[in-house]
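Asks: Would you mind keeping the following structure in view while I ask a few things?
Please treat every number below as a calculation from the coordinates, not as lab data. Keep in mind the model is a prediction, meaning the values are calculated, not measured. Here the Cβ positions follow ideal geometry from the backbone for every residue, glycine too, while neighbour counts run over all protein chains shown.
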2 protein chains.
Amino acid sequence: MSTTSPPPRVVVIGAGFGGLRAARALRGAAVDVILIDRCNYHLFQPLLYQVATAGLGPDQISYPVRTILRRQRNVEFRMAQVTGVDLDRRAVLTAAGPVPYDSLIFAAGAETHFFGMEGVRRHAFGLKGIADAVGIRNHVLRCFEEAVLERDPALRRALLTFVIAGGGPTGVEMAGALSELIRLVLRKDYPRLDLADVRVLLLEAAPRILSGMPEDLGAAAVASLAAKRVEVACGTLVSGYDGASVTLKGREAIATRTLIWAAGVRAVELARALGVPPAAQGRIPVESTLQLRSHPEVFVIGDAAYLEADGRALPMMAPVAIQMGQVASGNVVRALRGESPLPFRYKDPGSLATIGRNSAVAFIGGYKFRGLPAWIAWLFVHLIQLIGFRNRLIVLINWAWDYFLYERAVRLITRE
Amino acid sequence: MSTTSPPPRVVVIGAGFGGLRAARALRGAAVDVILIDRCNYHLFQPLLYQVATAGLGPDQISYPVRTILRRQRNVEFRMAQVTGVDLDRRAVLTAAGPVPYDSLIFAAGAETHFFGMEGVRRHAFGLKGIADAVGIRNHVLRCFEEAVLERDPALRRALLTFVIAGGGPTGVEMAGALSELIRLVLRKDYPRLDLADVRVLLLEAAPRILSGMPEDLGAAAVASLAAKRVEVACGTLVSGYDGASVTLKGREAIATRTLIWAAGVRAVELARALGVPPAAQGRIPVESTLQLRSHPEVFVIGDAAYLEADGRALPMMAPVAIQMGQVASGNVVRALRGESPLPFRYKDPGSLATIGRNSAVAFIGGYKFRGLPAWIAWLFVHLIQLIGFRNRLIVLINWAWDYFLYERAVRLITRE
């Protein structure tokens, strides 16, 4: 390479699991990397529900991107909102001006999908970012404070009814954690409240929950949720919400002040800027090499990418994004060397969902686990994946504390 | 006492240092206590500046009031905004309805005082609550993110100029911690920024800082701040701020995006509801027994109370509030027994201010300390005063980590 011309520039959009892995995998490569995100931190989304249920503080599952990349000389981080992609001029458009690229890795992820229900979008809580999780925590605790002072029994029950829509791993984990927060912890803080007024409901439109797992694990999860007094209702489709009542298709409405929406995600709106007709859930179809057919210098990875394996779309999950980040960055380097790109092959590490104390379901390498072994596997897997030893240590202390003392540390209402 | 009539009711307004102590000191007394606060947590304000400078998370210096009072049977907590006090009917007015009392302990504390400067009120940051501290943290980090992308040198310098008004302990601690955050930590995250562009200024209207301490300790603090590259300017009065430029009386204005206002506090607005002409800083004059002369069933304590000792007003500090809470609750009980109330006598535990690593000044029992001994005393005093063993443990881990690795854990920009 000439000493006068700068190295090729790789722009990565998004510092989630996929984008961060792509940027880190380019360490040592003869490229300049610019990583852009609207947040200055990488968020460990799998534990977000624990922020929503007052078990962890937001800082314990987040890590500043600049610190992660501090020792990598060929990367520059920019905090900016990406507004578009100019494919012809090869530039990412941001609120702080255009950023030209030679190769682009698009890893902007997914957002909550409300299926066009405006009332749900306005009044329900998503669970994709820190603001969502802190919003849920504040709201749930506020409902209890208001319920203590509420004299009308119907209004009090509505304040103490919590509905979670969506029976995937996020909804299951949220429902289990919320019920434990109430039954194990808040019970002690509100001795004057009658816990018989409290309901936690998990609604799923499909005939069963955890449809990505074998059927008997889903049944085990239902039993475990029932033991934690979560009411699971499958075949139940939400048709609207006005902040006071969830309407259901063909069933009686539920009076509640709280609807947590874990029933759908879709690729971020920004994915449309790639000029490709989207597939299901707004995801962008890519070649097996993760490239856009029309623009081979553009790679799309993670939740924003649509790719099938064995005839099924790859799931919108962290392991897919991480593995895609690794392959996409490898293909960027191969292309610069004039080598042909390699196809992506997903190695499924299995799936896990925790329901609460001592209870989880896991499907790993064709083996099924449940109860305590699955729960211990879940703890271990999540703890080692957190970035930063301090975060791991403090999360471990919080988990141990909460486990043995039946507490939750972060029961703060921080916003009006 | 008859078994049919309920015990006398004591209402405490405010769950800060004074109100919380008063409520806890009434444990075991034959009274019903209702503690009212608009927040559901007790905040350890002396460490708030460490939240503002990304060293601690808000949850580490806060503790849910209900949990603190869980084992105290005669107390009920209500989260509500107090809107007034009806002295004649003996009722506290709240957004959730009136709360009648037999005795009232008013401990609603203080708020930031902007001396009528509307621009300062609108554009500067106070430092009284969690929202203030998180707001400062987000803003300072955002200034650095924007400075990286800013090409105009004058605008970049304005983004990297941080002005703290007020040379009391809060301003001194904030200035020292902010300078360390920048010089020790952010320096590593922003290798492309020229630190020569960064300025941290501490402005004080009086001729010297830390006027509550002996003069040589103030001088030691100035030297220590200078070593941390904080510019201290005494005799400097802020006359206005428009978000871009701080105007000073008789001096050149300073272009800055950040003004942190630690130059004044006053009793909360609500104190006017007590119908007594306020003394300096809006504080309510009380008898030596902490009672209102016109309404002996009303006690005012802490920052909201005006009481002199040795001809000087007692300072608006936690130790005063705590000791007053103890005496006021004792006097409530004495009055119920028909005994005459006791006068309040302040036992000064001394004062401490930390300037950063290994550096603090302390004036305790007439003895002066500085440097490492004062700093260790400061660490010890603050750690043991935190409520909750977990908070103590996690704060200790964070402090040790930051001390040895020159880090700050919570460098997150969490709001737009």
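Asks: Anyone know which of A:178, A:203, A:372 comes out most mobile in the 10 Å Cα GNM of chain A?
Replies: A:372
Asks: From zero up to wherever the largest Cα-Cα distance of the range A:247-390 sits, split into 10 Å bins and tell me the percent of pairs in each.
Replies: Result, from short to long distances: 10, 28, 29, 24, 8, 1, 0 percent.
Asks: For B:402, A:242, which order do you get if you count the other beta carbons within 10 Å of each Cβ and list the fewest first?
Replies: A:242, B:402
Asks: Quick one: what Rg and Dmax do you get for the protein assembly as shown from the alpha carbons, in Å?
Replies: Cα only, the protein assembly as shown: 28.9, 97 Å (Rg, Dmax).
Asks: Expressed as an acute angle from 0 to 90° and rounded to the nearest 10, what is the orientation of the C-alpha long axis of helix B:318-336 relative to the principal long axis of chain B?
Replies: Value to nearest ten degrees: 10.
Asks: P(r) for the range A:169-245, please, calculated from all Cα pair distances in 10 Å bins and given in %.
Replies: P(r) for the range A:169-245, in whole percents per bin: 17, 44, 30, 9, 0.
Asks: At a threshold of 8 angstrom on Cα-Cα distance, excluding pairs fewer than six apart, so keeping six or more, what relative contact order does the range A:118-263 reach in percent? Don't jump to the answer; show the numbers that get you there.
Replies: Values: 245 pairs, mean separation 50.6, N = 146.
Relative contact order here is 35 percent.
Asks: Which residues among the range B:334-352 fall inside the zone where the amide N is under 14 Å from a point 7 Å beyond the Cα of residue B:367, along Cα→Cβ?
Replies: B:350-351
Asks: If you don't mind, there's one more thing I want to ask. Return one number: the angle in degrees, 0 to 90 and rounded to the nearest 10, between the long axis of the Cα atoms of helix B:130-149 and the longest principal axis of the Cα atoms of chain B.
Replies: 10 degrees
Asks: Fully extended, how many nm does the chain gain between residue B:297 and residue B:233 (0.36 nm per residue separation, minus their Cα-Cα distance)?
Replies: On the way: separation 64, 0.36 × 64 = 23.04 nm, distance 4.63 nm.
Stretched fully, the residue B:297-residue B:233 segment lengthens by 18.4 nm.
Asks: What is the Cα centroid distance between the range A:286-360 and the range B:131-159, reported in whole angstrom?
Replies: What the calculation gives is 36 Å, centre to centre.
Asks: Moving on to the next point. Note the distances from residue B:81 to each other copy's matching label point, with points 7 Å along the Cα-to-beta-carbon direction, in nm, sorted shortest first.
Replies: 2.8
Asks: Pop a pseudo-label 7 angstrom from the Cα along the beta-carbon direction at both residue B:208 and residue B:81 and give the gap in nm to one decimal.
Replies: Between residue B:208 and residue B:81, the simple spin-label model gives 4.4 nm.
Asks: Would you list A:59, A:216 from fewest to most Cβ contacts within 10 Å? Please list the in-between numbers first.
Replies: Values: A:59 26, A:216 11.
Taking fewest neighbouring Cβ atoms as first place, the list is A:216, A:59.
Asks: Report, in deg cm²/dmol and to the nearest 500, the calculated mean residue ellipticity at 222 nm for the protein assembly as shown, where each DSSP H run with n ≥ 4 adds -39500 (n - 2.57) and the sum is divided by the residue count.
Replies: On the way: 22 runs with 254 residues, N = 832.
Result for the protein assembly as shown: -9500 deg cm²/dmol, rounded to the nearest 500.
Asks: Something else now. Treating the angle as unsigned and between 0 and 90°, give the value, to the nearest 10°, between the Cα long axis of helix A:215-227 and the longest Cα principal axis of chain A.
Replies: Once rounded, the angle reads 40 degrees.
Asks: Mean projection of the alpha-carbon convex hull of the range B:308-385 over all orientations, in nm²?
Replies: 6.4 nm²
Asks: Next question. Under 8 Å for C-alpha pairs, at least 6 residues apart: give me the relative contact order for chain A, rounded to a whole percent. Numbers along the way, then the final one.
Replies: On the way: 845 pairs, mean separation 82.0, N = 416.
Taking the mean separation of contacting Cα pairs over the length of chain A, I get 20 percent.
Asks: Averaged over all directions, how much area does the convex hull of the C-alpha atoms of the range A:55-103 cover when projected, in nm²?
Replies: On the way: hull surface 20.3 nm².
Projected area, direction-averaged: 5.1 nm².
Asks: Let me ask something else about it. May I ask you to derive the relative contact order of the range B:220-344, considering only C-alpha pairs under 8 Å and at least 6 residues apart, and to give it as an integer percent? Before the final figure, lay out each step's value.
Replies: Values: 150 pairs, mean separation 17.1, N = 125.
Relative contact order comes out at 14 percent.
Asks: Would you look at the GNM of chain A, springs on alpha carbons closer than 10 Å, and say which of A:46, A:169, A:349 moves the most?
Replies: A:349
Asks: With each pseudo-label sitting 7 Å past Cα toward Cβ, what's the residue A:196-residue A:272 distance in nm, one decimal?
Replies: Label-label distance for residue A:196 and residue A:272, simple model: 5.2 nm.
Asks: As a test of the definition: which semi-axes, in Å, follow for the range B:118-263 when you take the square root of five times each eigenvalue of its alpha carbon gyration tensor? Largest first, please.
Replies: Working: eigenvalues 109, 63, 43 Å².
Equivalent ellipsoid semi-axes, largest first: 23, 18, 15 Å.
Asks: What's the extension gain from residue B:252 to residue B:152 if we count 0.36 nm per residue and subtract their Cα-Cα distance? Before the final figure, lay out each step's value.
Replies: On the way: separation 100, 0.36 × 100 = 36.00 nm, distance 2.13 nm.
Gain in length upon complete extension: 33.9 nm.
Asks: Could you please rank A:301, A:387, placing first whichever residue has the fewest other Cβ atoms within 10 Å of its Cβ?
Replies: On the way: A:301 34, A:387 17.
Going from least to most buried by this count: A:387, A:301.
Asks: Additional query: Could you check the simple spin-label distance between residue B:89 and residue B:280, using points 7 Å along Cα→Cβ, in nm with one decimal?
Replies: 3.8 nm
Asks: Rounded to whole Å and sorted largest first, what semi-axes of the equivalent ellipsoid does the C-alpha gyration tensor of the range B:374-416 yield via the square root of 5 times each eigenvalue? Please report the intermediate quantities before stating the final value.
Replies: On the way: eigenvalues 93, 43, 19 Å².
Calculated on Cα positions only, the semi-axes equal 22, 15, 10 Å.
Asks: So which residue, out of A:320, A:276, A:300, gets the largest mean-square fluctuation from a GNM of chain A using Cα contacts under 10 Å as springs?
Replies: Highest fluctuation of the listed residues: A:276.
Asks: If you don't mind, there's one more thing I want to ask. How many Lys pairs in chain A lie less than 27 angstrom apart by Cα atoms, where the lysines are 8 or more positions apart or on different chains? Please report the intermediate quantities before stating the final value.
Replies: Numbers: A:128/A:228; A:128/A:249; A:128/A:347; A:188/A:228; A:228/A:249; A:228/A:368; A:347/A:368.
Lysine pairs meeting both conditions in chain A amount to 7.
Asks: Let me ask something additional. Between the range B:10-85 and the range A:221-239, what is the C-alpha centre distance in whole Å?
Replies: Result: 37 Å between the Cα centres.
Asks: Hey, for residue B:371 with labels 7 Å out along Cα-Cβ, what do the inter-copy distances come to in nm, ordered shortest first?
Replies: 6.4
Asks: Regarding the range B:342-416, what's the average projected area of the Cα-atom convex hull, expressed in nm²? Each step should come with its number before you reach the end.
Replies: Values: hull surface 33.1 nm².
Result: a mean projected hull area of 8.3 nm².
Asks: Kirkwood-based Rg over Rh for the range A:287-332 (C-alpha set), two decimals? Don't skip to the end; give the middle numbers.
Replies: Numbers: Rg = 10.0 Å, Rh = 10.7 Å.
On the Cα set of the range A:287-332, Rg over Rh gives 0.94.
Asks: Placing the label point 7 Å from Cα along the Cα-to-Cβ direction, what are the distances from residue A:223 to the equivalent spots in the other copies, shortest first, in nm to one decimal?
Replies: Nearest to farthest, the other copies are at 7.3 nm.
Asks: How about the range A:238-322: which trypsin sites (Lys or Arg not before Pro) there are in a DSSP loop, with at most 13 other Cβ atoms within 10 Å of their Cβ? Display every interim value, and only then the final one.
Replies: Numbers: sites: A:249, A:251, A:257, A:266, A:272, A:283, A:293, A:312; in loops: A:249, A:257, A:283, A:293.
When the trypsin sites (Lys or Arg not before Pro) of the range A:238-322 are filtered for loop state and at most 13 Cβ neighbours within 10 Å, A:249, A:293 remain.
Asks: Which chain A residue puts its Cβ closest to the axis that rotates A onto B, and at what distance in whole Å?
Replies: Spelled out as residue then distance in Å, it is A:57, 2.
Asks: With the alpha-carbon atoms as the only input, what is the per residue convex hull volume for chain B in Å³?
Replies: Working: hull volume 60.7 nm³, N = 416.
Spelled out: Cα convex hull of chain B, divided by residues, is 146 Å³.
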